[in-house]
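A.B. asks: One structure coming up, written as structure tokens, with questions to follow.
The values are calculated or read from the model by the stated rules, or taken from the named source; none is laboratory data. As the structure is a computational prediction, the values presented were derived from the model and not from experiment. As a convention, Cβ positions derive from the backbone with ideal geometry for all residues, glycine included, and neighbour counts pool all protein chains shown.
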Amino acid sequence: MTDLTRLTAAELADKIHTREVSSEEVTRAHLDRVAAVDDDVHAFLHVDADGALAAARAVDTTLDGGGAPVSPLAGVPLALKDVLTTRGLPTTCGSRTLENWLPPYDATVTRRLREAGVPVLGKTNMDEFAMGSSTENSAFGPTRNPWDRDRVPGGSGGGSSASLAAFEAPLAIGTDTGGSIRQPASVTGTVGVKPTYGGVSRYGLVAFSSSLDQAGPCARTVLDAALLHEVVGGHDPLDSTSVDTPVPPVVRAAREGAEGDLSGLTVGVVRELSGEGYQPGVLSSFEAAVDRLRSLGAEVVEVSCPHFTHGLSAYYLIAPSECSSNLARFDAMRYGLRVADDGEHGAEEVMSLSREAGFGAEVKRRIMLGTYALSSGYYDAYYGSAQKVRTLIARDFAAAYERVDVLVSPTTPTTAFRIGERVDDPMAMYLADLCTIPANLAGNAAMSVPSGLSDDDGLPVGLQIMAPALADDRLYRVGAAYETARGPVLDRIPELEGVASR
Ligand code: GLN
């Protein structure tokens, strides 16, 4: 019998909609898989078996009664990053401060998934408030990379990507402020897309850095990511930064791209995003990927984006500045953990002791950095300069896109690093997002698609594809063409020990 957890979302949707299998069977197969492997992987913070099965049965009932599927993904289960609110289901953002919070409302992304008949299996682990590149900053323990459980699955959305690589879910949602969808996708051999800023609603996405945060699809194939993108994307009046244009035709682009012809397309290789400091196996995989794009008919040129080298510095001023303001709401009064509420401490003391107890070290570091960068006397030197760099980076992109249709680079300079290796070295951790940050700063669209396995350690490498704002469909065309030419990567993942044969 086919192992349902090994199929793509598109294949599962087809089988469910033709009644070859029920959504309940598919959902159960994934819940069983979670039960078998997640003690080890720890991709999930909460599993909602009852809710997922009820949603699955509702889809089955409609289809059994002769009704049409409510969406192309109706009945296909999904794992949701724990930063998007879910009514009645915990939303912790990986933080002690929200440990016992039950949101009274659904994020727009959550609501759209429910309306599309997508059973939500549970909430996935993440770095606290999405600050990190390894998922080690979660207050609830790290997620392990299914390729090698001594290594990190990337971050902040390591739980979402690990759930895909461990075959616990065929689809997941992540959020990407500086790389948190793409970098985990890269190091787990999966696909992750940061849509154009404003392309997917941020309503109900607990804010880290509002001018950068963007939710998007995670999947094992480019087509699956496109199907999910169309379900969650599109204008939302509840998000004032939501763009009021139709979702770009990403499913069509993925299907066309899969035919494998990129003639007429110009690809720019960003000179500043490779070279010194990059792992040799990452660079050789990237070079092979560029050759492959050329052999698919694309014209490849080198482009220079000189200000990208300042992207990391600008990001680590802008994101902490916005976070220091956004996280002020966790004050033990409006939101968040409250300690020392014993009548002996004043309000200010309760706030300060609660924030001390509720936030982890990285979150505190960011709040302090941001508060400093915004303080009068330093504002122009830090926050102001960072905003200028942001504009220069956007101009670099605009100039490049006059010459090329898409830009490419490695997604991240190294393959998955070891758990513990960078926790005491924030700079080394931040460097994981060197290549992904520019697209966030400019609000553009970008994808990571598995490039192959590194020839120095056998671990997955990601190819980053970037496109102008609102041209997300280009990512899918190029990504699908590349994926078809390259062949699957994830089927070379070692079997998780202690798991019955699949
Ligand atoms: N790793 C980056 C950071 O720590 C990006 C995080 C994200 O995209 N949420 O801020």
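A.B. asks: Within the range 19-48, count every residue that is within 25 Å of the chain's Cα centre (by Cα), touching a residue at least 40 places away in the same chain (Cβ under 8 Å) and surrounded by fewer than 16 Cβ atoms within 10 Å (Cβ to Cβ).
C.D. replies: Of the residues in that region, 1 qualify.
A.B. asks: So is Thr135 β-branched (Val, Ile, Thr), closer than 19 Å to Glu421 by Cα, outside any strand (DSSP E or B) and within 13 Å of the ligand (Cβ to nearest atom) or not?
C.D. replies: yes
A.B. asks: So which residues in the range 207-220 are surrounded by 24 or more Cβ atoms within 10 Å (Cβ to Cβ) and more than 11 Å from the ligand (Cβ to nearest atom), if there are any at all?
C.D. replies: Pro217, Cys218, Ala219, Arg220
For every residue, the table says whether it meets (1) within 15 Å of Ala361 (Cα to Cα); (2) touching a strand residue (DSSP E or B) at 6+ places or on another chain (Cβ under 7 Å).
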residue: Ser95; (1), (2): yes, no
residue: Asn125; (1), (2): no, yes
residue: Ala130; (1), (2): yes, yes
residue: Ser138; (1), (2): yes, no
residue: Gly141; (1), (2): yes, no
residue: Arg144; (1), (2): no, no
residue: Arg151; (1), (2): no, yes
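A.B. asks: Okay, moving on. Gly141 - would you say it is on the phi > 0 side of the Ramachandran plot and surrounded by fewer than 24 Cβ atoms within 10 Å (Cβ to Cβ)?
C.D. replies: Judged against the criteria, Gly141 is a match.
A.B. asks: Tell me, which helices (runs of 4 or more DSSP H) wholly within the range 384-489 include 3 or more residues that are more than 16 Å from the ligand (Cβ to nearest atom)?
C.D. replies: 385-403, 472-486
Rundown of residues vs (1) within 13 Å of the chain's Cα centre (by Cα); (2) within 16 Å of the ligand (Cβ to nearest atom); (3) closer than 13 Å to Ala446 by Cα, yes/no style:
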site: Gln183; (1), (2), (3): yes, yes, yes
site: Thr188; (1), (2), (3): yes, yes, no
site: Asp236; (1), (2), (3): no, no, no
site: Pro246; (1), (2), (3): no, no, no
site: Ser263; (1), (2), (3): no, no, no
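A.B. asks: Determine whether the range 309-324 contains at least one residue that is of a type in the set (D, E, K, R) and surrounded by fewer than 18 Cβ atoms within 10 Å (Cβ to Cβ).
C.D. replies: Within the range 309-324 (the criterion being of a type in the set (D, E, K, R) and surrounded by fewer than 18 Cβ atoms within 10 Å (Cβ to Cβ)), the answer is no, since none of the residues qualifies.
A.B. asks: Is there a residue being crowded, with 16+ Cβ neighbours inside 10 Å and of a type in the set (A, V, I, L, M, F, W, C) anywhere in the range 377-385?
C.D. replies: So far as the range 377-385 goes, no, none of its residues is crowded, with 16+ Cβ neighbours inside 10 Å and of a type in the set (A, V, I, L, M, F, W, C).
A.B. asks: Taking the criterion of being touching a helix residue (DSSP H, G or I) at 6+ places or on another chain (Cβ under 9 Å), outside any helix (DSSP H, G or I) and among the hydrophobic types (A, V, I, L, M, F, W, C), would at least one residue in the range 305-323 satisfy it?
C.D. replies: For the range 305-323, residues touching a helix residue (DSSP H, G or I) at 6+ places or on another chain (Cβ under 9 Å), outside any helix (DSSP H, G or I) and among the hydrophobic types (A, V, I, L, M, F, W, C): present.
A.B. asks: Here is a follow-up. Scan (1) buried (at least 19 other Cβ atoms within 10 Å of the Cβ); (2) closer than 30 Å to Ala139 by Cα for the single condition Asp341 breaks and write down its number.
C.D. replies: (1)
A.B. asks: Which of the residues that make up the range 344-376 are surrounded by 14 or more Cβ atoms within 10 Å (Cβ to Cβ) and of a type in the set (S, T, N, Q)?
C.D. replies: Within the range 344-376, Ser352, Ser354, Thr371 qualify.
A.B. asks: Which residue pairs have Cβ atoms under 6 Å apart, sit 6 or more places apart or on different chains, and have a first residue in the range 312-329 that is among the charged types (D, E, K, R) and a second that is more than 13 Å from the ligand (Cβ to nearest atom)?
C.D. replies: Filtered contacts from the range 312-329: Arg329/Tyr335.
A.B. asks: Inspect all residues belonging to the range 361-376 and state whether any of them is aromatic (Phe, Trp, Tyr) and either part of a helix (DSSP H, G or I) or at pLDDT below 95 (or both).
C.D. replies: So far as the range 361-376 goes, yes, one or more of its residues are aromatic (Phe, Trp, Tyr) and either part of a helix (DSSP H, G or I) or at pLDDT below 95 (or both).
A.B. asks: Can you confirm whether the range 121-132 contains a residue that is in a strand (DSSP E or B) and under 12 Å from the mean Cα position of the chain (by Cα)?
C.D. replies: yes
A.B. asks: Looking at Glu276, Glu299, Glu272 in this structure, which one is modelled with pLDDT under 95 and away from the ligand (no atom under 16 Å from the Cβ)?
C.D. replies: After applying the criteria, what remains is Glu276.
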